[in-house]
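Written below as structure tokens is the structure these notes are about.
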Protein chains: 2
Amino acid sequence: MTRGTHVSDRHPRAESIRIRERLTKHVETGVVALAGLIAHGRGEAFDYILGERTTSSAMRAITSAAAALLLARRPVLSVNGNVAALCAKELVELAEASGAKLEVNLFHRLPGRDSAIEELLRDAGAEEVLGVGDAASARIDEVNSDRRRVDPRGILAADAVFVPLEDGDRAEALRRMDKTVIAVDLNPLSRTAQLASITIVDNVVRAMPLLVSEAERLRALRVEELRTIVSAFSNRDALSDAMRLMEERLHTLSEKGVYIELHGRE
Amino acid sequence: MTRGTHVSDRHPRAESIRIRERLTKHVETGVVALAGLIAHGRGEAFDYILGERTTSSAMRAITSAAAALLLARRPVLSVNGNVAALCAKELVELAEASGAKLEVNLFHRLPGRDSAIEELLRDAGAEEVLGVGDAASARIDEVNSDRRRVDPRGILAADAVFVPLEDGDRAEALRRMDKTVIAVDLNPLSRTAQLASITIVDNVVRAMPLLVSEAERLRALRVEELRTIVSAFSNRDALSDAMRLMEERLHTLSEKGVYIELHGRE
């Protein structure tokens, strides 16, 4: 994450505020849509309840996701505005580590947005970026947004698609096309989280570097070993675990009711 | 809520999407700040966990808030961009029903934003709007945003301040000034929710009409009766109850883990 903000490092919410500033700055560059800001806020709330940490079950999902990307013949990383604004460097690193292609895919395909995102990815070292302009010439059925527009060389032909910060409609459509769908979603109750093959319930800013390092680590394994990792993973268990952790945190706090006093500190 | 959107009424999230569209539309008019969109997303997530309904304990908080506003000698309704965009009409009605003044108070006081909000309130029938331009000439200590700028005829002199969608800094500062602070906040864990005298844990769009009708109903009561209502209310219990309901909802869902199947519906 680039710094260059005016938030004091000592502010208890400094990291969270820096991420917000990075996203709002990228509204001006056309990379982030206004609806993306609202979606980010939803994620913040779930992250707060989760305790703003990568849980053990999220780490297992990350390992399994890295293995699934390495096993795929045609893996594709689907890039939207928020993830490009926050993790362009890690996306390029993950593409290199896993042999995946990068494809811009947007809910709101406003004029110039796809090329602004392409530029961010190229600045971060990407050599090829699919799904920009007329390249997104294929259509996926049953998706009621610009997310239906995909690149025939990318998502359309992919056997595994990494969809950080996805919407439920497309997650479902991609699963129906028999693709392995790997999502990053802080809301374990969302349709995306529920319908993906592997759901990483974590903040994308924390998960991406871990996913890169896992892909680099697992690259040395044999196909059989990668398959064992993927088949040992249960998305149902991972989602249950995330909900249980959130529930436990709320339970602890609710026993107190008021835990911030006027003259005290958090 | 004004309609005029392209969302089908049959969409399961239609109301939620209409509210989002109303807020993003008001980014263009200058009423809503980009940070306000992120804050709205956080509220959406908590509302979703709460079940998107006004709970019984929120209703008790609303009744108590109406009584507290009626009891106050100088009640003020603090208006920010989000609440103006979503509830201008209800704010004017609540001011009339409770005898409160309306004051614009903003975290980000961008040029023209206060007068854009004033215009929304005047269009909704407000005759007097405090806190606009040079009228916000007084300062509150210990508040690290433009929220410190208040009107000496309004929030500075008020004994009760209604602060829907507030930030923790100012909620704390107002309490330290011995004012009754009435907040609307879907996050029972927030500093605002924790530090307010009365916290309504509800969506402001649902809570405002109820607050208006309670203020109108309770207007007929004697001061003693209003005092009894306020003193019977425990904010600690209300916050505990909200957290317990959220926890229970997560618990029910976590037992299932995956509750949306690929070929089923929510």
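Could you tell me whether A:Val181 is under 30 Å from B:Phe46 (Cα atoms) and part of a strand (DSSP E or B)?
Answer is yes for this residue.
Test B:Ala116 against the stated conditions and say whether it is among the aliphatic types (A, V, I, L, M) and either part of a loop (DSSP other than H, G, I, E, B) or crowded, with 22+ Cβ neighbours inside 10 Å (or both).
no
Looking at A:Gly51, is it more than 29 Å from A:Glu216 (Cα to Cα) and within 14 Å of another protein chain (Cβ to nearest Cβ)? Please lay out each step first, then the result.
Working: more than 29 Å from A:Glu216 (Cα to Cα): no; within 14 Å of another protein chain (Cβ to nearest Cβ): yes.
Judged against the criteria, A:Gly51 is not a match.
If you check every pair at least six apart or on different chains, which have Cβ atoms under 8 Å apart with a residue in the stretch A:227-248 that is at the interface with another protein chain (Cβ under 7 Å from one of its Cβ atoms) first and a residue that is part of a helix (DSSP H, G or I) and exposed (fewer than 14 other Cβ atoms within 10 Å of the Cβ) second?
Qualifying pairs under 8 Å: A:Ser240/B:Glu255; A:Ser240/B:Lys256.
Considering only residues that are crowded, with 24+ Cβ neighbours inside 10 Å, under 23 Å from A:Gly30 (Cα atoms) and out of contact with any helix residue (DSSP H, G or I) (no Cβ under 7 Å at 6 or more places or on another chain), which ones fall in the stretch A:77-104?
Those that are crowded, with 24+ Cβ neighbours inside 10 Å, under 23 Å from A:Gly30 (Cα atoms) and out of contact with any helix residue (DSSP H, G or I) (no Cβ under 7 Å at 6 or more places or on another chain): A:Ser78, A:Asn80, A:Glu103.
If you check A:Ala215 against the conditions, is it on the phi < 0 side of the Ramachandran plot and assigned to a helix (DSSP H, G or I)?
The answer is yes for A:Ala215.
B:Leu86 versus (1) outside any helix (DSSP H, G or I); (2) in contact with a Lys or Arg (Cβ under 7 Å, 6 or more places away or on another chain); (3) not β-branched (Val, Ile, Thr): which is the lone unmet condition?
(1)
Residues in the stretch A:175-183: is at least one more than 14 Å from chain B (Cβ to nearest Cβ) and touching a residue at least 24 places away in the same chain (Cβ under 8 Å)?
Looking through the stretch A:175-183, at least one residue is more than 14 Å from chain B (Cβ to nearest Cβ) and touching a residue at least 24 places away in the same chain (Cβ under 8 Å).
Show the residue pairs that are 6+ apart or on different chains and have beta-carbon atoms under 7 Å apart, the first residue being within the stretch B:84-105 and at pLDDT below 95, the second being in a loop (DSSP other than H, G, I, E, B) and among the hydroxyl-bearing types (Ser, Thr, Tyr).
Within 7 Å, no pair qualifies.
Pull up the stretch A:132-163, narrow it to residues that are among the acidic types (Asp, Glu) and in a loop (DSSP other than H, G, I, E, B), then point me to the one that is surrounded by the most Cβ atoms within 10 Å (Cβ to Cβ).
A:Asp151
Suppose the filter is over 13 Å from the mean Cα position of the chain (by Cα), farther than 30 Å from B:Thr55 by Cβ and not β-branched (Val, Ile, Thr); does B:Asp141 pass it?
For B:Asp141, the condition - over 13 Å from the mean Cα position of the chain (by Cα), farther than 30 Å from B:Thr55 by Cβ and not β-branched (Val, Ile, Thr) - is met.
Before we move on, is B:Val163 in contact with a helix residue (DSSP H, G or I) (Cβ under 6 Å, 6 or more places away or on another chain) and of a type in the set (Val, Ile, Thr)?
no
Among the residues of the stretch B:26-45, write down those that are more than 7 Å from chain A (Cβ to nearest Cβ) and without any contact (Cβ under 8 Å) to a residue 40 or more places away in the chain. Step through it out loud before you land on a result.
Taking the stretch B:26-45 as the starting set, the residues that turn out to be more than 7 Å from chain A (Cβ to nearest Cβ) are B:26, B:28-33, B:36, B:43.
Of everything in the stretch B:26-45, just one residue is more than 7 Å from chain A (Cβ to nearest Cβ) and without any contact (Cβ under 8 Å) to a residue 40 or more places away in the chain, namely B:Glu28.
Quick check: is even one residue across the stretch A:171-179 at pLDDT 95 or above and within 17 Å of A:Ala58 (Cα to Cα)?
So far as the stretch A:171-179 goes, no, none of its residues is at pLDDT 95 or above and within 17 Å of A:Ala58 (Cα to Cα).
The values are calculated or read from the model by the stated rules, or taken from the named source; none is laboratory data. Values in this document were obtained by computation on a predicted structure and should not be read as measured data. A quick note on method: Cβ atoms are made from the backbone with ideal geometry, for glycine too, and the neighbour counts reach across all protein chains shown.
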